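Derivation of every value follows stated rules applied to the coordinates shown; laboratory data play no part. What you are looking at is a predicted structure, and each value in this text was computed from that prediction instead of being measured. Counting neighbours? That spans all protein chains shown, and the Cβs are built from the backbone with ideal geometry, glycine included.
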Amino acid sequence: MTEWKYCPKCEGEMADGYTVDQGYGTASVPTWREGEPRKSIWVGLKLGGTTPIEITTWRCRRCGYLESYAPGA
Ligand SMILES: [Zn+2]
């Protein structure tokens, strides 16, 4: 990726990256879903019906500000 961004807070250089959901022995990239979370006492959250979009997060090298994007349809 050659796109370059500058921090909206301090105008420092921002690095492209992603955040990680780290569990016991597993790691996954968090995703964004449209609408309200529907909680279930059995499975935590019901995830049916909506399309997950992986979240890209930019981080400012100077002040640490994070800016997240969930690109796609
Ligand atoms: Zn900054």
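Tabulated data for the structure shown
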{"read-out": "Extreme residue, nearest to the ligand (Cβ to nearest atom), among residues of segment 12-51 that are over 19 Å from Ala70 (Cβ atoms) and in contact (Cβ under 8 Å) with a residue 40 or more places away in the chain", "value": "Gly12"}
{"read-out": "Strands (runs of 3 or more DSSP E) contained entirely in the chain, each with at least 2 residues that are under 16 Å from the mean Cα position of the chain (by Cα) and surrounded by 11 or more Cβ atoms within 10 Å (Cβ to Cβ)", "value": "13-17, 56-60, 66-69"}
